[in-house]
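A quick write-up on the structure given underneath.
Bear in mind these aren't lab numbers, they're just calculated from the coordinates by the rules spelled out. Fair warning: this is a prediction, and the values are worked out from it, not measured in the lab. Ideal geometry is used to build each Cβ from the backbone, glycine not excepted, and the neighbour counts take in all protein chains shown.
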Amino acid sequence: MSRRSNIKRQKKYAIVIKNNKIIYVLCVFVFFVIAKRTIENYQLRNNGICTKAIIQKKYTERHKQVRVYKFRIGNKVYSGKSIYDWHLDIGDTLDIVYLPSNPTINRSVKSIN
């Protein structure tokens, strides 16, 4: 084998290794996002508190009807989004579940059932 072909082969393998690292990082990221959502849903099912929220806004995103809602815990107002309550209009109420330790983690009751 010539020296030139060895250099070409080394460059080719370097590109393959670099591409594999990118794929690996992307897979880890996707796994983390899925695992985080699953853990949050588990916590909401077991430790969540139900309350009422009011629809503040509605819009379409990627062919899905999104509803933005707000709810109050003590003196603080929190918000969330739901694609499961597409039939509700602004001003309507919906049942949500939130974590008492972190109310920013909240979902529509329909989304965790």
Seminar exercise, completed: Neighbours of residue 85 by Cβ distance under 12 Å: Lys/Arg at +1, Asp/Glu at -1, summed charge +3
Exercise. For 108, 79, what ranking results if the residue with the fewest other Cβ atoms within 10 Å of its Cβ goes first?
Worked result: 79, 108
Seminar exercise, completed: Neighbours of residue 108 by Cβ distance under 10 Å: Lys/Arg at +1, Asp/Glu at -1, summed charge +2
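Any chance you could run the full-extension gain for residue 37 through residue 76? It's 0.36 nm times the residue separation minus the Cα-Cα distance, nm to one decimal. Show your work: numbers first, answer last.
Numbers: separation 39, 0.36 × 39 = 14.04 nm, distance 2.38 nm.
The residue 37-residue 76 span can extend by a further 11.7 nm.
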Problem set entry | Exposure proxy order (Cβ contacts within 10 Å, fewest to most) of 111, 82 | 111, 82
For this session: Could you list which residues have their amide H under 5 Å from that of residue 66, counting only those 5 or more apart in sequence or on another chain, with H placed in the peptide plane?
Result: 59, 60, 61
